[in-house]
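Below you'll find the structure, written out as structure tokens, and then a few comments.
The values are calculated or read from the model by the stated rules, or taken from the named source; none is laboratory data. Here the structure is a predicted model, which means the values were calculated and not measured. Here Cβ is always computed from backbone atoms with ideal geometry, including for glycine, and neighbour counts include all displayed protein chains. Accessible surface is based on the protein model in full, side chains and every heavy atom, while ligands, DNA and RNA are left aside. Shrake-Rupley method; radii C 1.70, N 1.55, O 1.52, S 1.80 Å.
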Amino acid sequence: MKILLANGLLHGRCMTISGRTVEQELEQVPAEPRTDQDVIRPFGNPLYRQGHLAILKGNLSPEGCVAKITGLKKKAITGPARVFDSEDAAMQAILDDRIRAGDVIVIRYEGPKGGPGMREMLSPTSALIGKGLGDSVGLITDGRFSGGTWGMVVGHVAPEAYAGGLLALVQEGDSITIDADRLLLQLNVADAELGRRRAAWSRPAPRYKRGCSPSSRVWCPAPAWARLPIKRTTASEHRVLVPFLQRRSTQYSAVSATVSTSRPGIAATTIGGQVFSRPRCENSLFIA
């Protein structure tokens, strides 16, 4: 990571789980690999000229998307779109033999917002391999893939369909080009037609309207996972509790709450007159 950071390939200001930035976490790590080993190679002497991933752009992914290209005999395909608004619908079509060689499968509304949660797309890609279509069918999605995925697959298409990305405007039968050599992901539809579709499009209703709020629990990643329920009883107490533990510190800081130590090893948090106790974590405390 320090090699990538030193060569401008990582965002050093990204926050980590420790409450420090990537750059701060790596400040004591050397920017060059040790010379007595050959596992980690110097930046200027890579094992391969190109990695196993390619970042594609085009009108379907102006913010980029990710294609796995290792071992592919064919790195480009242009074919008719087979459009599905969920992974489950696409999976059923594959199992029902409704997908043909040359098709480009589109699985949308599976991104971080549309999913929600960006679940893994291993099942449909595995099914394509099982049907003997791994080399002859393309697949693009605003969802993600597992490390075991293989084939002409493109994930993390951004912006995602739920956010109004062009992926939301693709219709059955549209021509789509995936070209890893040209780093291109393109919907071959005229701009005027896309404008008409844009005017008619509206964001679909969310799949889930009830559930656990991300701010309703505090998680402790070390030394063991633990949960602290937060009860917000009045409007004035409705602000989100944002506690954090400074690295290797014994003091908690918090917003909209009183945090104190009642006895060694125990942190007590007072919210709305109620006291919640939990074992102290050495490393960090954050809102999940």
Query - Residue list for segment 61-97, filter: at positive phi and touching a strand residue (DSSP E or B) at 6+ places or on another chain (Cβ under 7 Å) - result: Gly64
Query raised in the report: Scanning segment 102-127 for residues that are of a type in the set (A, V, I, L, M) and over 18 Å from Ala161 (Cβ atoms), which turns out modelled with the highest pLDDT?
Result: Ala127
Requested in this report: Starting from residues that are of a type in the set (D, E, K, R) and open to solvent by 40 Å² or more (accessible area, probe 1.4 Å), keep the ones in segment 128-176 and report whichever is modelled with the highest pLDDT.
Outcome: Glu172
Query raised in the report: Taking interchain pairs and intrachain pairs at least six residues apart, which have beta carbon atoms under 7 angstrom, with the first residue in segment 31-45 and charged (D, E, K, R) and the second open to solvent by less than 80 Å² (accessible area, probe 1.4 Å) and in a loop (DSSP other than H, G, I, E, B)?
Result: Glu32/Pro42; Arg41/Pro33
Requested in this report: Starting from segment 79-106, keep only residues that are open to solvent by 30 Å² or more (accessible area, probe 1.4 Å), then list their pairs with residues that are in a helix (DSSP H, G or I) and hydroxyl-bearing (Ser, Thr, Tyr) whose Cβ atoms are within a distance under 7 Å, requiring at least 6 positions of separation or different chains.
Outcome: Met91/Ser123
Report task. Within segment 21-39, identify whether any single residue is surrounded by fewer than 15 Cβ atoms within 10 Å (Cβ to Cβ), under 20 Å from the mean Cα position of the chain (by Cα) and not β-branched (Val, Ile, Thr), and answer yes or no. Result -> no
